[in-house]
1. No other cysteine beta carbon under 4.7 Å away is the test; run it over the chain and list who passes.
2. Using DSSP to call loops (not H, G, I, E or B), can you name the chymotrypsin sites (Phe, Trp or Tyr not before Pro) in segment 1-108 whose Cβ has at most 15 other Cβ atoms within 10 angstrom?
3. Quote to one decimal, in nm, the extra length available between residue 48 and residue 82 on full extension: 0.36 nm per residue of separation minus the C-alpha distance between them.
4. When the helix-only estimate is applied to the chain (DSSP H runs of n ≥ 4, each -39,500 (n - 2.57), divided by the residue count), what is the mean residue ellipticity at 222 nm, nearest 500 deg cm²/dmol?
5. Averaging sequence separations of C-alpha pairs under 8 Å and six or more residues apart, then dividing by the length of the chain, give the relative contact order as a whole percent.
6. Suppose the chain between residue 116 and residue 58 were pulled fully straight at 0.36 nm per residue; how much longer would it get relative to their current alpha carbon spacing?
7. Write down the Å³ per residue value for the convex hull defined by the alpha carbon atoms of the chain.
8. Expected output is a single nm value to one decimal: the length gained when fully extending between residue 37 and residue 24, i.e. 0.36 nm times separation in residues minus the C-alpha distance. What is it?
Amino acid sequence: MSLSTLKSIYQCKCPRCHQGDMFLRGKLLSSKFSVMNKCCAHCGQAFEPEPGYYFGAMFVSYAINTALFITAWLALSIVHPDYSLTLLLAILGITVLIFVPFIYRISRAIWISIFIKYSSEDFPDSPDRAVRK
């Protein structure tokens, strides 16, 4: 996986051209964080190739949440060694609520990037193509 692919995943850009936005811009911290564009404005790639396509993204989300839970648990163990179960559950709940929009978007971006590969040959004006010449 190239650095540009990782950057496009983090920025939730189209996996095929790394230019168009997968989600509505500026809506990460609103109730519309989950609204996806139908297709890429730059190359026309459909962001939902078939119904139920993102079912597998739940497993990616599960892995990210597990890593987040372990990190929060270890941080709490270091900062406050004799914590209660109530405190642990409260910290985990708050952590999940804060990161839900980000994890939702990133898990979908990872999932679609697994199946749709980047193609700089299709886009001669791509910044990655200029770097390789």
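1. Flagged as lacking a Cys partner: 12, 39.
2. Hits after loop and neighbour filter: 33, 83.
3. Additional length available on full extension: 7.6 nm.
4. Rounded to the nearest 500, it is -17000 deg cm²/dmol.
5. It rounds to 32 percent for the chain.
6. 19.1 nm
7. 133 Å³
8. Full-extension gain reported as 4.0 nm.
The values are calculated or read from the model by the stated rules, or taken from the named source; none is laboratory data. Remember, predicted model here, so these are calculated numbers, not experimental data. Cβ atoms come from the backbone with ideal geometry, glycine included; neighbour counts cover every protein chain shown. To get the accessible areas, we keep the full protein, side chains included, count just its heavy atoms, and leave off ligands, DNA and RNA. Shrake-Rupley method; radii C 1.70, N 1.55, O 1.52, S 1.80 Å.
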